[in-house]
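Take a look at the structure set out below.
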Amino acid sequence: MNDQSLQAANAFLATAASSIQAGDLLDRPPADIGKDAGLPNPLAVARAVRALAARRRLEVQDGKYRLLDPRPLEPGEPESVPRAPRKRKTRKRGSGRGEPAAGGERRATYADLGRSIVERIIELGRDSAEAIASTEHLRREAKDNKAARIEAEGRAAKLFDRVKELEAKLEMAEVNLRTVLAAARGRGATAAPTDNESEALLRVLNTSSEAVAS
């Protein structure tokens, strides 16, 4: 987080905490708090809220934000729950199917595939929540600024479509997880899936990862 983002997040936090106490829900929409804090646009508000939520200053509950800690963010303070890095495994040429790769790398098991799907579900859920928050900010901004209403509503519609797309991917990931769990019950979590099963599931995961990244 750079200095500008840190100052914006702390300004939002100070403004929100000026009228409520730790443990209380925000008494007004984030867009209004952002205006009072001097944030220039809804995107800056969304970034500030995201930074505060990632560092356990705010918490999302039933579509609303709760103040957890009024202490300002410190420079270099890490996220409480950092995002897991996306890893792509490359298959070396010349290695036969079902054999471990050079260096003793073991084959993926149902437990490994299950963990990969859970991580994808968490990532899709975060992206969906951020898109919903941005949509709400843009819709409130459209009401306050009539001159930019048409443009803001168009952007909000695109974000709403993005939410629908992410929800569809989330449902697909959940179906994949149930499939892996059902197969693992019969064979054991440490058993290696068949080549066809492994390739099909990994292809779905890689496709979901590339779609989210785009």
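Quick one: which residues, 5+ away or cross-chain, put their amide H under 5 Å from the amide H of residue 65? H built at 1.01 Å from N.
Amide H neighbours of residue 65, under 5 Å, 5+ apart: 26.
Could you go through the range 113-120 in sequence order and give the Karplus-derived ³J(HN,Hα) for each residue, using 6.51 cos²θ - 1.76 cosθ + 1.60 with θ = phi - 60°, rounded to whole Hz, and x for Gly and Pro?
5, x, 4, 4, 5, 4, 4, 5
In whole Hz, with x marking every Gly and Pro, tabulate ³J(HN,Hα) for the range 40-57 from phi via Karplus 6.51 cos²θ - 1.76 cosθ + 1.60, θ = phi - 60°.
Result, ordered by residue: x, 7, x, 5, 5, 5, 4, 5, 5, 4, 5, 5, 5, 5, 5, 10, 6, 9 Hz.
Out of residues 5 or more away from residue 58 or on other chains, whose amide H comes under 5 Å of its own, with H placed 1.01 Å from N in the peptide plane?
The answer is 53, 68.
Rule-based calculations on the coordinates, nothing more; no lab input. Everything quoted here is computed from the prediction, not taken from an experiment.
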